[in-house]
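Okay, so here's the structure we're looking at.
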Amino acid sequence: CTSIVAEDPKGNLFHGRNLDFGLFMGWDMKNRSWIVAEQLKPLVVNVDFRRNNQTVFKSTTFAGYIGMLTGIKPNVFTLTMNERFSLDGGYIGILEWILGQRKGMWMSFLTRSVLENATSYEVAKTRLAQTELLAPAYFILGGNQTGQGCIITRSRLLSLDILEIDLKLGRWYVLETNYDHWKAPLFLDDRRTPGMTCMNKTTQTNITLKTMYSVLSTKPVLNKLTTYTTLMDVSTGNLESYIRDCPNPCMPW
Amino acid sequence: QFIPPYTEDCRADMYPPKGPTFKGRVTWYTVDLDLHPSKRWMPLITDKKAELVSMMQTIKDLANAFVPSGKLVEMVDKALPFLVETLPYPFGDELRGVAAASGLPLGEVVLFNIFYEVFTV
């Protein structure tokens with residue numbers, strides 16, 4: 001996955017993501033694609049969650065998947081989750097859960113719960129940073145005011161780091177793939193460098209949902225695992241998603 | 001670049017989405033949180049039932065390729081439904097609703113919903 005939160009010179013916050021899933025789950029030699037990733041594409045849906053006939057939050061998800069990986073609470077915050085691989089992975093959390101140790105929260109259920117119940121960027125940040133989890137993760141959160149954009153790097157128990165937009169340091173965007181931002185990505189899977197190169201070329205002056213879509217369309221940020229691209233604008237409450245394809249030649253991840 | 005890692009110059013003017021990297025728009029649905037959790041997803045799942053069943057069949061085929069005896073899928077169908085009882089409100093009831101609307105075994109619906117936790121290793 002690749003998630004970006006960026007702030008334009010007027011203080012507007014834009015949030016975009018590519019959802020990549022299905023690594024090592026069946027390679028189709030003929031079509032040069034991942035079988036499960038292709039099967040997931042027709043399941044991509046946008047959902048407007050309503051209570052009392054009013055939107056509570058909007059999300060892009062897969063039909064049948066009730067947790068959330070991508071969502072917006074209009075005028076309040078935007079949120080995406082990226083996978084964080086670790087030996088202390090989710091299978092340990094699941095085992096603990098099965099054995100009756102149920103303090104942690106399932107990842108996508110926490111994301112959904114935050115989208116449904118958090119009333120501000122700060123409340124969402126605190127809950128995402130402090131809730132015990134079943135699996136490690138990256139939460140990428142955008143707010144509705146200048147400087148409100150961050151990457152929360154989580155282990156199952158702790159918040160390891162929070163990297164925030166900092167205009168004084170010239171950091172007008174944060175970009176997360178599937179590696180800790182303070183470490184180099186795996187050399188075979190470096191989507192961070194091309195993503196940041198394209199964001200820097202775009203410049204803060206020109207960042208919009210449209211230009212962010214172009215960044216998310218550049219290989220290998222766009223790759224054979226990419227099922228959808230979502231763009232969100234917190235101030236208008238706009239969420240738009242597109243099912244993606246990566247024509248050959250294209251990285252398998 | 002025609003050798004891996006297949007990088008390219010930064011794309012520009014890709015929006016509005018079109019061309020070979022764009023496979024389609026995404027349909028909107030409404031989930032009414034005022035409904036009982038077991039009923040909320042019914043219209044969406046009814047609409048996407050064929051695609052969901054097809055995706056689960058693909059996963060079962062992959063699982064059976066690894067464990068040809070079928071024991072892995074059997075374990076999913078038998079062992080995972082109990083997890084539903086342990087999930088906080090409203091998730092258990094929602095999963096039951098998805099299983100009922102799709103006709104899929106509850107264990108397979110649970111598996112799909114815990115994919116994230118399973119694949120972080």
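A short reminder: the numbers here are calculations on the coordinates, not readings from a lab. Just so it is clear, the structure is predicted and the values come from calculations on it, not from any experiment. Cβ atoms come from the backbone with ideal geometry, glycine included; neighbour counts cover every protein chain shown.
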Starting from the 7 Å offset along Cα-to-Cβ, what nm value, one decimal, do you get for the label separation of B:Lys39 and A:Asp48? 2.0 nm
Using amide H atoms built 1.01 Å from N in the peptide plane, name the residues 5+ places from A:Asp161, or on other chains, whose amide H lies under 5 Å from its own. A:Thr153
Pair B:Asp13, B:Ser54: separation of 7 Å Cα→Cβ label points (nm): 3.5 nm
Non-local amide H neighbours of A:Gly149 (under 5 Å, H modeled in plane, Pro and chain starts lacking H): which ones? A:Gly143, A:Ile165
From fewest to most C-beta neighbours within 10 Å, the residues A:His15, B:His36, A:His181 line up as B:His36, A:His181, A:His15
Rank B:Lys49, B:Lys18, B:Lys78 by mean-square fluctuation in a GNM of chain B with C-alpha springs under 10 angstrom and give only the top-ranked residue. B:Lys18
Show me the trypsin sites (Lys or Arg not before Pro) within the stretch A:122-198 that DSSP assigns to loop and that have at most 14 other Cβ atoms within 10 Å of their Cβ. A:Lys183
1/(1 + (r/R0)^6) with r = Cβ-Cβ of A:His181 and B:Leu72, R0 = 35 Å, i.e. FRET efficiency to nearest 0.05, evaluates to 0.45
Computed [θ] at 222 nm, deg cm²/dmol, the protein assembly as shown (DSSP H ≥ 4; -39,500 (n - 2.57); rounded to nearest 500): -9500 deg cm²/dmol
Selected from A:Ala118, A:Pro252, A:Gly237, residue furthest toward positive end of dipole (chain A; charges at beta carbon): A:Gly237
Net dipole in debye of the stretch A:101-193 [+1 Lys, Arg Cβ; -1 Asp, Glu Cβ; about Cα centre; nearest 20]: 220 debye
Among B:Val98, B:Val84, B:Val67, which one moves the most in a GNM of chain B with springs linking Cα atoms closer than 10 Å? B:Val67
Check which residues have an amide H placed less than 5 Å from B:Val31's amide H, if you skip close sequence neighbours. A:Asp48, A:Phe49, A:Arg50
Too-long pairs where the Cα-Cα distance tops 25 Å, listed order kept, from A:Lys58/B:Lys78; A:Lys73/B:Lys23; A:Lys219/B:Lys23; A:Lys183/B:Lys60: A:Lys58/B:Lys78; A:Lys73/B:Lys23; A:Lys183/B:Lys60
How far apart, in nanometres, would the label points at A:Leu160 and A:Gln204 be if each is projected 7 angstrom from Cα along the Cα-to-Cβ direction? 2.9 nm
Checked chain A with the C-alpha gyration tensor, a ≥ b ≥ c its square-rooted eigenvalues, rounded below a/c of 1.5, otherwise prolate if a/b is larger than b/c and oblate if not; verdict rounded
Once you have the Cα-Cα distance between A:Arg102 and A:Asp28, take 0.36 nm times their residue separation minus that, and quote the gain in nm to one decimal. 22.8 nm
So, with +1 on the Cβ of K and R and -1 on the Cβ of D and E, and no other charges, what is the size of the charge dipole of the stretch B:35-95 about its Cα centre, to the nearest 20 debye? 60 debye
Which of rounded, prolate, oblate describes chain B, given a ≥ b ≥ c as roots of the alpha-carbon gyration tensor eigenvalues and a/c under 1.5 marking rounded, otherwise prolate only if a/b is larger than b/c? oblate
Restricting the stretch A:48-135 to GluC sites (Glu not before Pro) in coil, as DSSP defines it, with at most 16 other Cβ within 10 Å: A:Glu132
Could you give the alpha-carbon Rg of the stretch B:46-92 over 2.2 N^0.38 Å, rounded to two decimals? 1.40
What is the stretch A:139-201 by shape, rounded, prolate or oblate, if you read a ≥ b ≥ c off the alpha carbon gyration tensor as root eigenvalues and call it rounded for a/c under 1.5, prolate for a/b larger than b/c, and oblate otherwise? oblate
For chain B, set up a Gaussian network in which alpha carbons nearer than 10 Å are linked by springs, and say which option among B:Tyr15, B:Tyr89, B:Tyr29 fluctuates the most. B:Tyr15
Among B:Asn113, B:Met55, B:Ala99 the positive-end extreme of the charge dipole of the stretch B:24-121 (Cβ point charges): B:Met55
Compute, for the protein assembly as shown, the length of the dipole vector about the Cα centre, with Cβ point charges of +1 (Lys, Arg) and -1 (Asp, Glu) only. Units Debye, rounded to 20. 360 debye
